[in-house]
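Quick notes on the structure that follows.
No value in this document is a laboratory result; all are computed from the given coordinates. As the structure is a prediction and not an experimental result, all values here were calculated from the model. Every residue, glycine as well, gets a Cβ built from its backbone with ideal geometry; the counts of neighbours run over all protein chains shown.
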Amino acid sequence: MKTDIKSMTLAEIKKAFQAEGLPAFRGLQVYRWLHRGVESFDEMSDLSRDLRQKLSEKYYISVAIIEKKRVSRYDNTIKYLFRLHDGQYVESVLMEYHHGYSICISTQAGCKMGCTFCATGQGGWFRDLAPSEMLAQIQAAQKDSGNRVSNIVLMGMGEPLDNYENVLRFLELVSSDEGMNIGARHISLSTCGLVDKIYDLADKKLQVTLSVSLHAPNDQIRSRTMPVNRKWNVEALLKACRYYAETTHRRISFEYAMIQGVNDTDACAQELARRLKGMLCHVNLIPVNDVTGANYRKSSQDRLQKFSKILSDKGIPVTVRRTLGSDIEASCGQLRGKHEEEAVLNESRQ
Ligand code: SAH
Ligand code: SF4
């Protein structure tokens, strides 16, 4: 069994190298190469052939291989379907915004949470991703597109707080000075509401922006679409969010996918405004994406505007999110689902 070297911190690599009689500076050299995105030890050109050979016997480097790629006709959004070493597929989306590039990456292959509107949730859970596999998605997208990513969103497939230790390690690696050096202030983490982990994360005081997939103003509606709500209800979740905002002084971003006739009435907007009152937060309204198999329809633009106005009249900051890459199944889990459906795995293989 080889060791996943890209999931190791610089200190851990140095320690392991020292134990094998290698000087500490070798550890730093290797760490830098790994975080520049090399895919094999042979690319580490300032190491001797012997050392590269020795390392490759003991360690492996995680990579994400492009299985499919779609570029939006409307904007420069690129959606990648990556294949991991064991044949699992995960998705990432690279988006151009304001002054840079932002990437949305996956934290698990599949998801256990079972939200009824979500393609990933409907497909079930396969496994957690290693920290190195989160890094590999960013590195592969950067290499392919030639763009440097400055912001990261943990909002692809999977529930990041259900893979908590690996996500925390990823945050440590990606923000390291000798690594990609992308700090917590440039990272958002999206959760369906694992309340115990929201408290844990708040206490780490990391300055990561917390996005919370709320999608309903009360338990009756939320428990119907999001099974997690039966464990931690809206009240418990909002209490944890207030704690997060107060502890980190970071504004919580609430995601609210508007589903026609389910959660988009005036009464829902009023109830939502009441419950969020006084919290350091922001609401993102998104028309729900059609997911094969789920019987949900997008709310109309009129409905979105009306809902948004009720919130803002009550003092809740709100935006109606533009949908990026709407022609490329850019919503969570859609491309993987489609890929499996098509069964023509060769199409546009890289
Ligand atoms: N598991 C985490 C992060 C991944 S899901 C979470 O749930 O927050 C990423 C986002 O996509 C979440 O806000 C999720 O609610 C949203 N989402 C999933 N399916 C969607 C759909 N069909 N339309 C709109 N948003 C969707
Ligand atoms: Fe999992 Fe998030 Fe999809 Fe829910 S919305 S099933 S938590 S990925």
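For this structure, a couple of remarks:
- For the pair ASP50 and ASP203, the difference between a 0.36 nm per residue extended length and the Cα-Cα distance amounts to 50.6 nm.
- Dipole of the chain, positive end: most advanced residue of VAL288, THR107, SER145 [Cβ charges, Cα centre]: VAL288
- Global size of region 65-346 as Cα Rg and Dmax, reported in angstrom: 17.9, 53
- Beyond 28 Å in Cα-Cα separation lie the following of the pairs LYS197/LYS306; LYS79/LYS306; LYS79/LYS298; LYS58/LYS143: LYS197/LYS306; LYS79/LYS306.
- Charge dipole (Cα centre; +1 on Lys/Arg Cβ, -1 on Asp/Glu Cβ; no other charges) of region 65-346 amounts to roughly 740 debye.
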